[in-house]
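Engineer: Before I ask anything, let me first share the structure, which is written out below as structure tokens.
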Amino acid sequence: MNKQAAMGLLALLTLADNAAATVTDQKTWSQSFPVTATAPRLLIDNIWGNVRVRVGSAREIAVTVDEKRSAPSQELFELSKQTLFLDVQADGEGVAMVVGKPDDPTVRPRVNRCRGCRVDYQFEVTVPPGTQIDVSTVTDGTIDVAGGGGPVSASNVNGPVAVKDLQDCTAIESVNGAVEVSFARAPSRDCSIKTINGDITLTVPGGTGLDAALSVMQGSVVSEFDLEPLALPAKVDQRKEEGRFVYHIEQAAGIRLGTGGPTFNIESLNGDLRIRKSK
């Protein structure tokens, strides 16, 4: 689920969040899914609640889910089961767990009628070493991933993201929350790390080499490494208006850590960037 769809769904479903729901139900379930791929995949697309991922058995993805459902009336509670549910798809390649179907036109009208409905899913997951991890949540939750060995993508809209003991990352993002990213070894691939309202902390081992394109608008950059300035090409966007070409030019600040390496795009509108050396 992209951030625009997530925010739209959140706006539709939280109108009555401040009022106490009259109907609630809570349950917890666990299940293990055998995997045969050498680099299995985990996808979690949540709306409300935490997502926590750790390394476990080499042959299975084990999931524990705490589910709390609420609605203002029994009628809406029953309707919420059709519109806010956990869809689980699993095979030997991995597991995908997605809450609701906001992009499905047959479901959208029912979502619109289910004002004040909500379901919190708290995910506790263990994955085999080397798993490709892609996890997200929208509100009232945290993203907490440690280890894994495979590339990690993680995002949150209203809350923090912490990804630790990484091998590599793809995209680590929050809209309103701090972002913490730490590596178990020097990264070997490009990565994007972004937040709008929050600090970014990047921790890498000594001897790491990487290049970074920085856009830190209202904050400072503090580093435990000696950084060198790096010239970057300007980004030029072109559009045509009333027969004329209009150009928007952006120039990110460039830094090089060590001898350079993969490129990190790091952005924060209201927050600091801290670059730390792992102990």
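Engineer: Of these, MET1, MET97, which one is modelled with pLDDT under 95, within 23 Å of the chain's Cα centre (by Cα) and not in a helix (DSSP H, G or I)?
Structural biologist: Only one candidate passes the filter, namely MET1.
Engineer: Where residues in the range 153-190 are touching a Phe, Trp or Tyr at 6+ places or on another chain (Cβ under 9 Å) and assigned to a loop (DSSP other than H, G, I, E, B), which of them is nearest to VAL135 (Cα to Cα)?
Structural biologist: Top of the filtered list is GLN167.
Engineer: Right, something else. Could you list all residues from the range 239-271 that are closer than 22 Å to ASP226 by Cβ and among the β-branched types (Val, Ile, Thr)?
Structural biologist: Within the range 239-271, ILE255, THR259, THR263, ILE266 qualify.
Engineer: Looking only at the range 249-260, count every residue that is in contact with a strand residue (DSSP E or B) (Cβ under 6 Å, 6 or more places away or on another chain) and either exposed (fewer than 14 other Cβ atoms within 10 Å of the Cβ) or on the phi > 0 side of the Ramachandran plot (or both) and tell me the total.
Structural biologist: Looking only at that region, the number is 3.
Engineer: Which of the strands (runs of 3 or more DSSP E) contained wholly in the range 202-248 include at least 3 residues that are open to solvent by 60 Å² or more (accessible area, probe 1.4 Å)?
Structural biologist: Counting at least 3 such residues, we get 235-241.
Engineer: Which residues, counting only those in the range 110-128, are at pLDDT 95 or above and either touching a His at 6+ places or on another chain (Cβ under 7 Å) or open to solvent by 10 Å² or more (accessible area, probe 1.4 Å) (or both)?
Structural biologist: Result: ASP120, GLN122, GLU124, THR126.
Engineer: Pairs needed: first member in the range 239-259, under 18 Å from PRO187 (Cα atoms); second member anywhere, among the β-branched types (Val, Ile, Thr); C-beta distance under 9 Å; at least 6 residues apart or different chains.
Structural biologist: As it stands, the answer is ILE255/VAL221; ILE255/ILE275; LEU257/VAL204; LEU257/THR208; LEU257/ILE275; GLY258/THR208, since those pairs meet every condition given.
Engineer: Give me a count of the residues in the range 33-85 that are among the hydroxyl-bearing types (Ser, Thr, Tyr) and buried (at least 17 other Cβ atoms within 10 Å of the Cβ).
Structural biologist: 3
Engineer: Given the residues GLU267, GLU250, which is the only one that is touching a Lys or Arg at 6+ places or on another chain (Cβ under 7 Å), acidic (Asp, Glu) and closer than 26 Å to PRO151 by Cβ?
Structural biologist: So the residue among GLU267, GLU250 that is touching a Lys or Arg at 6+ places or on another chain (Cβ under 7 Å), acidic (Asp, Glu) and closer than 26 Å to PRO151 by Cβ is GLU267.
Engineer: For ALA154, indicate whether it is open to solvent by less than 30 Å² (accessible area, probe 1.4 Å), within 10 Å of the chain's Cα centre (by Cα) and in contact (Cβ under 8 Å) with a residue 12 or more places away in the chain.
Structural biologist: So ALA154 fits the description; yes.
Engineer: Just give me the residues in the range 163-176 being open to solvent by 20 Å² or more (accessible area, probe 1.4 Å) and not basic (Lys, Arg), in sequence order.
Structural biologist: Answer for the range 163-176, where residues must be open to solvent by 20 Å² or more (accessible area, probe 1.4 Å) and not basic (Lys, Arg): ASP165, GLN167, THR170, ALA171, GLU173, VAL175, ASN176.
Engineer: Determine, yes or no, whether ILE193 is over 29 Å from VAL51 (Cβ atoms) and either in a strand (DSSP E or B) or of a type in the set (D, E, K, R) (or both).
Structural biologist: no
Engineer: If we scan the range 231-246, do we find a residue that is modelled with pLDDT under 95, touching an Asp or Glu at 6+ places or on another chain (Cβ under 6 Å) and either among the acidic types (Asp, Glu) or farther than 25 Å from THR142 by Cα (or both)?
Structural biologist: Taking the range 231-246 first, the residues modelled with pLDDT under 95 are 231-246.
From the residues that got through so far, the ones that are touching an Asp or Glu at 6+ places or on another chain (Cβ under 6 Å) too are 235.
From what's left, either among the acidic types (Asp, Glu) or farther than 25 Å from THR142 by Cα (or both): 235.
Yes; the residues of the range 231-246 include at least one that is modelled with pLDDT under 95, touching an Asp or Glu at 6+ places or on another chain (Cβ under 6 Å) and either among the acidic types (Asp, Glu) or farther than 25 Å from THR142 by Cα (or both).
Engineer: With (1) over 23 Å from the mean Cα position of the chain (by Cα); (2) open to solvent by 40 Å² or more (accessible area, probe 1.4 Å); (3) polar (S, T, N, Q) as the list, and THR263 as the residue in question, which single condition is left unmet?
Structural biologist: (1)
The values are calculated or read from the model by the stated rules, or taken from the named source; none is laboratory data. What you are looking at is a predicted structure, and each value in this text was computed from that prediction instead of being measured. All Cβ positions, glycine included, derive from the backbone under ideal geometry; neighbour counts span all protein chains shown. Remember, those area values only see protein heavy atoms, side chains included, never the ligands or the DNA or RNA. Shrake-Rupley method; radii C 1.70, N 1.55, O 1.52, S 1.80 Å.
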